[in-house]
Amino acid sequence: MALRIQFVKEKDGSILLRCHRADGTTTWQRNDGGRGSFFIIHDLTHFAVETVLGHRRGFWGLVADGWNVTDFGAPWPRGPLPADLDPSELIVGFFDGERAGGATWTADDFIDQAEKYFASHGVTRTLTLTDEELHRIRARVRELADQWTLLPRGETLELVFS
């Protein structure tokens, strides 16, 4: 299930995401301007969340299993996200909200927001998350974001999800 993920910092400032699956297939997407600035941190946060928490059925796991990057979002060509998906997307969305609001949430804050989300969507599920896990995720996101920031234009940040 190894997935080689490449974030290319193009010379024109755009960001190219290229994913190489173990079966030899690839998927990619180019993001420009503000969209690129948002998605690089969003995608690096996905990597941190999914690797720190050991999620194999999150965004990167689905890409490794054959989903294309363009399958995520309207018009949802592959249909809705699988019911057995790890809660990575929810957690990453909370990190996006945390960044936008300029506040740092505790594990209890994440769990409270997840309970509200699950209740509003009729889902009987719970989120288990600790402050220590949040600390490790935040540290990993900072490390990855720093690597990205220091990367010269025209160069590639490569990660492996397995």
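The values are calculated or read from the model by the stated rules, or taken from the named source; none is laboratory data. Treat the numbers as computed from the prediction; the structure is a model and nothing was measured. Neighbour counts run over all protein chains shown; Cβ positions are idealised from the backbone, glycine included. For accessibility, only protein heavy atoms count, side chains too; no ligands or nucleic acids. Shrake-Rupley method; radii C 1.70, N 1.55, O 1.52, S 1.80 Å.
Normalise the Cα radius of gyration of the range 70-162 by 2.2 N^0.38 Å (N = residues in it) and let me know the number.
Here the answer is 1.29, to two decimals.
Over its Cα atoms, what ratio of radius of gyration to 2.2 N^0.38 Å does the chain give?
Normalised by 2.2 N^0.38 Å, the Cα Rg of the chain equals 1.04.
Mind putting a number on the dipole of the chain about its Cα centre? Charges go on the C-beta only, +1 for Lys and Arg and -1 for Asp and Glu, and I need it in Debye to the nearest 20.
For this selection, approximately 500 debye.
Between Gln147 and Arg35, what is the label-point separation in nm under the 7 Å Cα-to-beta-carbon projection?
Simple spin-label model gives 2.6 nm for this pair.
What is the angle, in °, between the Cα long axis of helix 33-52 and the longest principal axis of the Cα atoms in the chain? Nearest 10 is fine, range 0 to 90.
Result, in degrees: 60.
Rolling a 1.4 angstrom probe over the protein heavy atoms, how many square angstrom per residue are accessible across the range 17-140?
51 Å²
Once neighbouring chains are kept in place and the probe is 1.4 Å, which whole percent of the accessible area of the chain is contributed by carbon and sulfur?
52 percent
To the nearest 10 degrees, how steeply does helix 131-150 sit against the main Cα axis of the chain, on a 0 to 90 scale?
Roughly 20 degrees, rounded to the nearest 10.
If one takes the longest principal axis of the Cα atoms in the chain, at what angle in degrees, from 0 to 90 and to the nearest 10, does the Cα axis of helix 88-101 lie?
It works out to around 90 degrees.
Let me check against my output: what whole-number percent is the relative contact order of the range 63-158, with C-alpha pairs under 8 Å and at least 6 apart?
16 percent
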